[in-house]
Structures are given as C-alpha cells and as structure tokens.
1. How many of the residues making up the range 54-69 are surrounded by fewer than 20 Cβ atoms within 10 Å (Cβ to Cβ) and not small (G, A, S)?
2. Return the residues of the range 61-105 that are under 24 Å from G32 (Cα atoms) and among the hydrophobic types (A, V, I, L, M, F, W, C); say none if nothing qualifies.
3. From (1) farther than 20 Å from L115 by Cβ; (2) at pLDDT 90 or above; (3) hydroxyl-bearing (S, T, Y), pick out the condition that doesn't hold for S33.
4. For the range 75-97, check the following and say yes or no: at least one residue is out of contact with any helix residue (DSSP H, G or I) (no Cβ under 9 Å at 6 or more places or on another chain), surrounded by 14 or more Cβ atoms within 10 Å (Cβ to Cβ) and modelled with pLDDT of 90 or more.
Amino acid sequence: MRPKLPAFSYSDRRLLPFFGWILVLATIFICGSFFFRFLPADLMRVQTNFAAKEGCSCLFVVRAGESYCKDYAGVFYSPDIWKADSESLTVGFVSITGTFEAKAEPVSKEKGCRLTSDVKD
C-alpha cells in the first residue's frame, strides 16, 4: 500500500505537464529571440551605436585589421552592414523589428571616435 504524502498528492501531478509546457515555450522564446534577433528597437539601437563606436576606435585609433575589428565590434551579434572608408565607419544590424544603422568618425588619437548619426527605423 502506498503512503499518503502531503507534499505530493494526485492534483500536484497534474500540474507537471503544465509546467513542462511552460518550460518548453520559454526555451523556444529565448532561443528564437537570440537567433532571429527579436529584440526591442531601443536595445538594437544601443547595440548598433556600441558596434559603430567600438569598430571605429578599433579601425582608426588602434589601426587593427578590418576583419578583426568587425569581429571585435560584433560582440553580441555580427554586423550585417559594415561600410568603412577613410573618414568614417557605418555599422548596421537587421532584425525583425527593423534595420538600424549608426555612423562614427575618429576625432583624435587621444579622444577616439564619436557617433555622428543614428538612423532610426
């Protein structure tokens, strides 16, 4: 005969599949937000500005290679748009919520780079 334990009754066992489905759906949502870049627009704007400023500093102040700087600037996500010329760097990210671009240009060796534009979509 099975003892009746107050901590694990029959009604509690019916909740296990419910919490199992909650766990599965939460996992799908978290993985989907990472792989499909389903992030809020403000967060994507911050990521774009960060990548533009850090990429500009890497290219024009440190004078590292372009492939290294692209990897360095894409800490969280790799940039989809990368346009470097002799005076500035434009970086962009494409996500489900839109396309975000930012431009940075070097000021001086001591001060580094500054953001010159932020295109909001």
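The values are calculated or read from the model by the stated rules, or taken from the named source; none is laboratory data. Owing to the predicted nature of the structure, the values given are computational and were not obtained by experimental measurement. Here the Cβ positions follow ideal geometry from the backbone for every residue, glycine too, while neighbour counts run over all protein chains shown.
1. Total satisfying the criteria: 5.
2. Selection gives A73, V75, F76, I81, V91, F93, V94, I96, F100.
3. All conditions pass for S33, except number (2).
4. Within the range 75-97, one or more residues are out of contact with any helix residue (DSSP H, G or I) (no Cβ under 9 Å at 6 or more places or on another chain), surrounded by 14 or more Cβ atoms within 10 Å (Cβ to Cβ) and modelled with pLDDT of 90 or more.
Let's see how each residue does on (1) part of a helix (DSSP H, G or I); (2) over 14 Å from T116 (Cα atoms); (3) among the β-branched types (V, I, T):
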| residue | (1), (2), (3) |
| --- | --- |
| D42 | yes, yes, no |
| N49 | yes, no, no |
| K53 | yes, no, no |
| K70 | yes, yes, no |
| F76 | no, yes, no |
